[in-house]
Amino acid sequence: MGGCMDEPIRVLAGTGGVALGEARTNHFGRRAILLHREGNPRELIALAETMGIEIVDIQHQKGKDDPRTYFGKGRMQDVADEISASITGHPYHGVDLVLLHTNASPRQLVGINELVQVEVWDRVRLLLSLFISHANSVEARTQVRIAQLKADRTVLSELVNRQLTGERAGFGGGGIQAVQGVLTTVSRELAQLRKKQQKQALARKERRRQRTRGGARTVGLAGYTNAGKSSLFSVLCGKEVLIENKLFSTLETTIGRMEMSPRVLLADTIGFIDELPSDLLDAFHATLDESLECDLLLILVDSSDTISEIERKLSTSRREVLDRSPDGIVPMQVVLTKSDRAESHENAKQVISAMGFSEPLIVSSHTQEGLDELRESMLMSLFGPQKTLIVSKGEASERSAEAYVSQIYDAGIVTSKAGYEITLWCCNRELERLIAKSGGRISLK
């Protein structure tokens, strides 16, 4: 279990810590049973479908979670018997995965695995497997690996505990020594990866500092997963990024300059999701920082969702943003995306207003509806109202007016020019510097 990021990533947590061999990273075509107690499992189903997993049966049991087996032990034994006895033609034939609509404890994962004898994933393990398949950059792979090993460690600790208390006989050929050896290896690799992540975070921080010194303003795109962040990013800055109608298609942050506004940078990053353990999302803190440490944060909401879904997803996004923002203060603007798929936006506007946000902007990356208004609103938030500067021609022996005009173009975003009268978006500090250094040649209209 080396720390090299170029090696295939192995999954301990997916099997409840029982198998230590290579695990598959492509899950397309797998067959699974979904077990749930409370809440609607449709989001978990969508996550599984994103990975190409077929859910052949959904079983529900009311009542309180069993601390050992999630479902009651008798009901779980029935599921195990169905899986083991299935033959060709039986709905459970070929099932090699059990999904739990919960963030299960290590005790439950191991207990269920012992009964069903196939892989067991809760929400965390499903997301980890999805993240692994979508992690493309070295930094994203580092982040996913840290989250994966932290999950593995909890399961391995449970196995050690079971052996010490006599609940479980031996682990492979080496018994408890084998488990403890793997646990030590996991802890060692975690320490190495965290050092690597710290270096990556420092490099990101330095890049942000250099951009700020250069006068750039950053707009972060945040929101629930699959809210349309990557599509909006692409259309605003003309930069091709991965755009898929799938959950968590983006794991690392992509930075791009807004088209026709080179001093405005856009940061597209990982989406949020309900009931994701904070320590799992913490693995992506460096990635999230890139979009949250910004001058303006756009919180995107899919306008084609139901009103209850809009409220739930916006509430999750706001909570995650405020929990992870310095001092909890970030200028935020809600943007309703995919407007071409929604019949009306009035109810959504009322929900957004009731949650304390200002009037949302409504856009469609597909039809480009509302994009001009969005750009205008972004620039107003970043720079304030447009300013008009006048450049005087000066004497023949003095510096040319064209040289000052060139400086103005470098300092801001010019929207119109009539002779030596120039209208632009520009921050006040840059404007004051231009005027002060011009020796009276540049003045504010």
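So which of 150/205; 150/199; 205/313; 150/313; 393/445 end up more than 18 Å apart, counting from Cα to Cα? Walk me through the intermediate numbers first.
On the way: 150/205 25 Å; 150/199 20 Å; 205/313 29 Å; 150/313 27 Å; 393/445 15 Å.
The pairs that break the limit, which is 18 Å between Cα atoms, are 150/205; 150/199; 205/313; 150/313.
Just to verify a number: FRET efficiency for residue 430 and residue 87, C-beta to C-beta distance, R0 = 56 Å, to 0.05? Don't jump to the answer; show the numbers that get you there.
Numbers: r = 74 Å, r/R0 = 1.32.
With a Förster radius of 56 Å, E is 0.15.
For the pair residue 401 and residue 341, what calculated FRET efficiency results from E = 1/(1 + (r/R0)^6), where r is the Cβ-Cβ distance and R0 = 45 Å, to the nearest 0.05?
0.35
If amide hydrogens are placed 1.01 Å from N in the peptide plane, which non-local residues have theirs closer than 5 Å to the one on residue 223?
Excluding prolines and chain starts, which carry no amide H, the hits are 272, 300.
Residue by residue, what Karplus-based ³J(HN,Hα) values in Hz, rounded to whole numbers, does region 198-206 have, using 6.51, -1.76 and 1.60 with θ = phi - 60° and x for Gly and Pro?
After applying 6.51 cos²θ - 1.76 cosθ + 1.60, I find 4, 5, 5, 5, 5, 5, 4, 4, 5 Hz.
Using the Karplus equation 6.51 cos²θ - 1.76 cosθ + 1.60 (θ = phi - 60°), what ³J(HN,Hα) coupling, rounded to whole Hz, does each residue of region 359-373 give in order, writing x for Gly and Pro?
Those phi angles translate into 3, x, 8, 10, 9, 9, 5, 6, 9, 6, 4, x, 5, 4, 5 Hz.
I want the local charge near residue 304. Using Cβ-Cβ distances under 10 Å, sum +1 for each Lys or Arg and -1 for each Asp or Glu among the other residues. Please list the in-between numbers first.
On the way: positive: 338, 341; negative: 302, 305, 309, 340, 343.
After counting each charged neighbour, the total is -3.
What residues have an amide H closer than 5 Å to that of residue 53, excluding those fewer than 5 places away on the same chain, when H is modeled at 1.01 Å from N in the peptide plane?
Correct list: 29.
Per-residue HN-Hα couplings for region 86-101, Karplus 6.51 cos²θ - 1.76 cosθ + 1.60 at θ = phi - 60°, whole Hz, x for Gly and Pro?
Running phi through 6.51 cos²θ - 1.76 cosθ + 1.60 with θ = phi - 60° gives 5, 10, 3, x, 6, x, 8, 5, x, 5, 10, 7, 10, 9, 10, 7 Hz.
To the nearest Å, what is the center-to-center distance of region 373-445 and region 349-372, using C-alpha atoms only?
With region 373-445 and region 349-372 each reduced to a Cα centre, they are spaced 31 Å.
What percent do you get for the relative contact order of region 325-445 when only Cα pairs under 8 Å and 6+ apart count? Please list the in-between numbers first.
Values: 141 pairs, mean separation 25.9, N = 121.
Relative contact order of region 325-445: 21 percent.
For a quick check: sort 317, 364 by the number of other beta carbons within 10 angstrom, fewest at the front. Please list the in-between numbers first.
Numbers: 317 24, 364 21.
In increasing order of surrounding Cβ atoms, one gets 364, 317.
Roughly what would the spin-label model give for residue 444 and residue 312, points 7 Å off Cα along C-beta, in nm?
The two pseudo-label positions are separated by 5.0 nm.
Non-local amide H neighbours of residue 415 (under 5 Å, H modeled in plane, Pro and chain starts lacking H): which ones?
Under 5 Å from the amide H of residue 415: 423, 424, 425.
Packing-wise, with mean Cβ within 10 Å as the measure, how do 398-411, 40-53, 225-238 rank, highest first? List each step's numbers first, then the result.
Working: 398-411: 14.9, 40-53: 17.8, 225-238: 23.4.
For the peptides 398-411, 40-53, 225-238, the packing ranking is 225-238, 40-53, 398-411.
Once Rh for region 384-444 is found with the Kirkwood sum over Cα pairs, what is the Stokes-Einstein diffusion coefficient at 4 °C and 1.567 mPa s, in µm²/s?
Details: Rh = 11.5 Å.
Value of D from the Cα-based Kirkwood radius: 113 µm²/s.
Place the peptides 298-305, 419-426 in order of packing, highest mean first, counting for every residue the other Cβ atoms within 10 Å and averaging per peptide. Present the calculation step by step, with values, prior to reporting the outcome.
On the way: 298-305: 24.0, 419-426: 17.8.
Ranking the peptides 298-305, 419-426 by packing returns 298-305, 419-426.
Within region 301-338, which residues have the backbone N less than 16 Å from the label spot 7 Å out from residue 354 along Cα→beta-carbon, could you tell me?
Answer for this model: 306-316.
Find the Rg to Rh ratio for region 330-384, where Rh is the Kirkwood radius over alpha-carbon pairs and Rg uses the same atoms. Walk me through the intermediate numbers first.
Details: Rg = 11.7 Å, Rh = 12.0 Å.
Taking Rg over the Kirkwood Rh, I get 0.98.
Throughout, read-outs are computed from the coordinates displayed, never taken from laboratory work. All figures in this text were calculated on a predicted structure; none of them were measured in a lab. Positions of Cβ are backbone-derived with ideal geometry, glycine not excepted, and every protein chain shown enters the neighbour counts.
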